[in-house]
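Here the structure is laid out as structure tokens; the discussion comes afterwards.
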Amino acid sequence: MTILVTVANAVEHEQLRKPIAMKKPIIKRFTPISAVAAVFGLAASVVQATTTPVFQYDFPASWGGTGTAITDQSAAGNNGVSDGTLALSAAVPSGAPGGAQSLVTSTGGVLTSANTLLNNAAVFANGGFTYGVSFMWNGTDSTSFGHVQKIIDYAGTESLQLLTSSGSASLQMQFQGDAAGSAVTVISTTVLANTWYNVTLSFDATSMVGGDVAGLAFMQVNGGTPIEAAAIKGTYGDSLNRPIGVGQLGAPFGYLVGFKGDIYDPSVSLGASIVPEPSTLALGALGGLGMMWLRRRKS
């Protein structure tokens, strides 16, 4: 039987990448978005929900430029360690507070000290998970690992990542079921080099069968209308017993599948910060169409 090999399974066989000089940043507030698939074939009305932090790394509070410890700024206390060589940059998104800095992950990333922080049991019990981050890609096209660069990555399986080319890249959310299956990109959109993007990625867990968690994935870029797709979080990531990576693959293999650029205020939470409005699901089931809108759910 032929086993499909994913990026997460092949990292031991690749070499470290060399850093590439960064270009002068351009601030861009919006980018057109397209989804690979959409549930019910229509845009969803969504609401905002509460979440429980797994970690929140802010710079320079979490890391001031020396040592290897990355201090969690949330109440969860899930600290991290540097992997490779990190640096800080004064380049930050528009609206960032004075003194804030971004983390340059072109030659190093961060791994959480604890493993399996997004295990399926915890994800389902909390109704999903959420990634939050602002990033600016420096335009480097990674030619190894299938041109993939990891922004936030759980165990090499559930990953917010880039698939790079020359001058532009595809921002993707990837899920993986089991060791024998290929990773599936459920949502994607085009991003440009030297441009800040703010991204919230939520997975709203709706059912659990045989250990796998099924639900809806939502991606919101620069405050725009979220796009959605059905997704399944399999058990493979849990079985690997690996950390969450920021700016790199979530695995203790050294800095391999890294993000070439700046990362600002990365966070991971249990619970989905974006979930579908129940009335929207009812409309989809009935085949009805109507106007969709964003609204905030009462806590």
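Can you list the equivalent-ellipsoid semi-axes of the range 189-250, largest first and in whole Å, using the square root of 5 times each Cα gyration tensor eigenvalue? Before the final figure, lay out each step's value.
On the way: eigenvalues 131, 65, 12 Å².
Equivalent ellipsoid semi-axes, largest first: 26, 18, 8 Å.
Rounding to the nearest 20 debye, state how big the charge dipole of the range 185-273 is about its Cα centre with +1 on each Lys and Arg Cβ and -1 on each Asp and Glu Cβ.
Details: 3 positive and 6 negative charges, 39 e Å.
Value, rounded to 20: 180 debye.
Quick check: from the Cα gyration tensor, does the range 98-140 come out rounded (a/c under 1.5), prolate or oblate? Walk me through the intermediate numbers first.
Working: a/c = 2.42, a/b = 2.04, b/c = 1.19.
Prolate shape, in that a/c is at least 1.5 and a/b is the bigger ratio.
Ranked from the most accessible area to the least, with a 1.4 Å probe and all protein chains present, what is the order of Thr50, Thr206? Display every interim value, and only then the final one.
Values: Thr50 110, Thr206 85 Å².
Sorted descending by solvent-accessible area, the residues read Thr50, Thr206.
With Rg and the Kirkwood Rh both taken from Cα atoms, where does Rg over Rh land for the range 80-188? All intermediate terms of the calculation are to be shown ahead of the outcome.
Values: Rg = 15.4 Å, Rh = 15.8 Å.
The Rg/Rh ratio comes out at 0.97.
Averaged over every viewing direction, what's the projected area of the C-alpha convex hull for the range 153-269? Give it in nm², one decimal, please. Provide the component values of the computation, followed by the final result.
Numbers: hull surface 30.9 nm².
For the Cα atoms of the range 153-269, the hull's average projected area reads 7.7 nm².
Can you pull the one-decimal nm distance between simple spin-label points at Met208 and Ala96, each 7 Å off the Cα toward Cβ?
Taking the simple label geometry, Met208 and Ala96 are separated by 3.7 nm.
I'd like the Kirkwood hydrodynamic radius of the range 76-124, using the inverse of the mean 1/r over distinct C-alpha pairs, in Å. If you can, show how the numbers build up before the last one.
Numbers: mean 1/r = 0.0758 Å⁻¹.
For the range 76-124, inverting the mean 1/r across all distinct Cα pairs yields 13.2 Å.
Suppose we keep just the alpha-carbon trace of the range 184-224; what are its Rg and Dmax in angstrom?
Here Rg and the maximum Cα pair distance are 13.6, 43 Å.
How many nm separate the modelled label positions at Asp178 and Ala61, each set 7 Å beyond the Cα in the direction of the Cβ?
4.3 nm
Quick one: Debye curve from the C-alpha atoms of the range 44-122, no solvent, what's log10 I(q)/I(0) at q = 0.27 Å⁻¹?
Summing over Cα pairs of the range 44-122 leads to -1.27.
The values are calculated or read from the model by the stated rules, or taken from the named source; none is laboratory data. All figures in this text were calculated on a predicted structure; none of them were measured in a lab. Cβ sites come from the backbone with ideal geometry, for glycine too, and all protein chains shown count toward neighbours. Surface areas here come from the heavy atoms of the whole protein model, side chains and all, with no ligands, DNA or RNA. Shrake-Rupley method; radii C 1.70, N 1.55, O 1.52, S 1.80 Å.
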